[in-house]
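The values are calculated or read from the model by the stated rules, or taken from the named source; none is laboratory data. These numbers were taken from a predicted model, which means no experiment stands behind them. Glycine also receives a Cβ, built like all others from the backbone with ideal geometry; neighbour counts cover every protein chain displayed. Protein only, heavy atoms only, side chains kept; ligands, DNA and RNA dropped before computing areas. Shrake-Rupley method; radii C 1.70, N 1.55, O 1.52, S 1.80 Å.
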Amino acid sequence: AWRRVWRGKTLPAIAAFKPDLILISAGFDAHAKDEIQGPVNLGVKEADYEWLTEELCKIANTHSQGRVISVLEGGYRIQGGVVSAFGRSVAAHLRAMFRENKEQWSEEECKKELDVELRKRREQKEAAETARAAAIEAARAREEAAIETARAAANGGDEDETAAAVAAATAAENGPSKRRRKEVDYGALNAQLELEKAGAAAPAPAETAGDDAEADGDGLGEDDDTDGDASDLEMLEDDLEEE
């Protein structure tokens, strides 16, 4: 976007002005890694600064007999010295300034480069839209398949198949989970629930004398607290992983 604006508006305007001398206020705080960048990052790299310097030198060759003066203006990503974003940008700018360049600036060439860049941008946008549409269609197909499976299981399948189909339909509707979960054996889970239900229905054994009963009660209470703490910990871990 940064180069497109320069090619489409700024450079043609400078060339149309036909300057006798070009003064460059060489600021490098538009660099993608500069700390001054706000929520809108222009994504400028040192190669972009080198390209722009070459274009300004071409305009100077065409209208100003090659006269160009550059004054350092800004740039705040200086951590790392010569290898910092600021240092690399300055080096790229000076490399273009001192390189022998007798090429004239051409508005036609500038328009051609702009057309090529705009065409690439359109192709990228179309490819992104196509990929997005394909992803949406695939998600819709998975959802419909899961729903049909759930209906078929509900009409003629057993309870385990129905539960599995409903779970699959729910997963397809909600989208992929951030955390991969283990597959559930619904048959084994149903058997476990039946055993627990049968154990709960069985008569409780006769209680012994007071101290033993109190001791048993204390032990059960401790186990319940332990189970509760373990359950809370598992839920907390799940929440953290989901976040």
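Please tell me if GLU123 is assigned to a helix (DSSP H, G or I), under 30 Å from the mean Cα position of the chain (by Cα), more than 25 Å from GLU54 (Cβ to Cβ) and modelled with pLDDT of 90 or more.
On the way: assigned to a helix (DSSP H, G or I): yes; under 30 Å from the mean Cα position of the chain (by Cα): yes; more than 25 Å from GLU54 (Cβ to Cβ): yes; modelled with pLDDT of 90 or more: yes.
Answer is yes for this residue.
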Odd one out for ALA85 among (1) open to solvent by less than 40 Å² (accessible area, probe 1.4 Å); (2) over 20 Å from CYS110 (Cβ atoms); (3) more than 29 Å from the chain's Cα centre (by Cα): (3)
Within region 1-24, considering residues that are of a type in the set (Lys, Arg) and surrounded by 15 or more Cβ atoms within 10 Å (Cβ to Cβ), the one nearest to the chain's Cα centre (by Cα): ARG3
Residue in region 51-71 that is over 30 Å from GLU108 (Cβ atoms), modelled with pLDDT of 95 or more and open to solvent by 30 Å² or more (accessible area, probe 1.4 Å) present: yes
Helices (runs of 4 or more DSSP H) wholly inside region 3-118 that include at least 3 residues being in contact with a strand residue (DSSP E or B) (Cβ under 7 Å, 6 or more places away or on another chain) and of a type outside the set (Lys, Arg): 46-63, 85-98
